[in-house]
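The structure appears right after this line, and notes come after that.
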Amino acid sequence: MAQPFLIYGANGFVGRVIAHRAVEQGLQPVVAGRNAAAIQSLGETLDVERRVFDLADPDEVDRGLAGMPVVLHCAGPFIHTYKAIAEGCLRRGAHYLDLTGEIPVYSALAEWDAPAKQRGVMLLPGAGFDVVPSDCLAVHLKERLPSATYLALAFHSRGPGGIPPGTARTSIENLQYPTRVRRGGELIAAPDPGKTRLVDFGYGLRRAGLISWGDIFMAYHSTGIPNIENYIVLPARMVRMLALFSRVRPIFKYEQVRKLALPFVPSGSTPEQRAQTTTHLWGEATDNRGNRVAARLHGPEAGVDWTTLAALAVVKRVLAGDFQPGFQTPGRVYGADFALEAPGVAREELA
């Protein structure tokens, strides 16, 4: 019989898909969240155990996590929710996984490496599209060029699939922070936040812009490469909107302003739209002697479908006893080829 594991935020846009897919794959999810009606309905639909608890009370969190060997945290923005769940996992001895791409969350969890090792608990944030595919691609490039000192990663989604609502909310939350890159091993504000580059994802050149993606934190821990940049191809409308927001960045430190911006961010997609969407990653590593390696990774829609495939693959590994205590990254624990285990994912080497 499959071991149970807990999905917190299972009633959310992505969490609900993960719960359904988990049941389809023969896993035993326990659906959880703070919305009693939504969790009850989902649990009845899937015929699985459900738990309702808020994150404000540590005792309530402990009761909610009781008996769970693995917790997949899906309730974002994670900067507001990770601490209660992760601390509960450390107290209960449960492995912590989440879907965040938020660098402040990665940084905070990395500080808990020692207590997690003492408890035999793995803390692995970014178990979805943030950042399993790109982290595995970074590890692959590092293996091809061990002397690499610079890493660039980019991605592009093609098709009608929109970003999930939680990702939209997180994007707005992060507008208060400057675009960042890694230089000499340190995270810094990008000297040129409007920097772009032309990237060939396999179907012609696309212009990609600099973005504060999770790899500038996670890929550094996975590879040790000291200089990292991330890029994304966005629709022209989104580029114009972000350029406008960047000019008034200071006002986004106020919560009410961030709430006013939410209606302007497109979010959500139907299963049919996601089925018509593909996601493509490109990566390049270079060293100080002019050596260069590059590769592409191709897969399904990112925000829901690829995230679900990646997260459940990690859950299965951990439930099977395949984990390393402490703060970890997907590529460091499971290797460069882990991303290729998901159906429909292929890697392409470039000369």
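Any read-out appearing in this document is the output of simple, stated calculations on the displayed coordinates, not a laboratory observation. Only a predicted model underlies this, so the values are computations on that prediction, with no experimental measurement involved. In this analysis, Cβ positions are derived from the backbone assuming ideal geometry, glycine residues included, and neighbour counts consider all displayed protein chains.
Here are the numbers for this structure:
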item	result
By average C-beta atoms within 10 angstrom, highest first, the peptides 127-135, 212-220	127-135, 212-220
Share of pairwise Cα separations in the chain, more than 35 Å, in percent	19
Peptides ranked, highest mean first, by Cβ atoms within 10 Å: ranges 95-105, 287-297	95-105, 287-297
Computed Kirkwood radius, in angstrom, where 1/r is averaged over Cα pairs of segment 281-351	13.9
Between segment 186-232 and segment 13-59, the Cα center-to-center distance that results, in Å	35
Extended-chain gain in nm, criterion 0.36 nm per residue less alpha-carbon gap, Asp57 and Thr196	45.5 nm
Translational D in µm²/s for segment 22-107 (Stokes-Einstein at 25 °C, 0.890 mPa s, Kirkwood Rh from C-alpha pairs)	182
Extension gain (nm, one decimal) between Ala66 and Gln276, 0.36 nm per residue minus Cα-Cα	71.6 nm
D (Stokes-Einstein, µm²/s), Kirkwood Cα radius, segment 176-230, 1.567 mPa s at 4 °C	108
Contact order relative to length of the chain, as percent, for alpha carbon pairs under 8 angstrom and 6 or more apart	21
Alpha-carbon spread of segment 76-221, three principal axes, descending order, Å	50, 39, 28
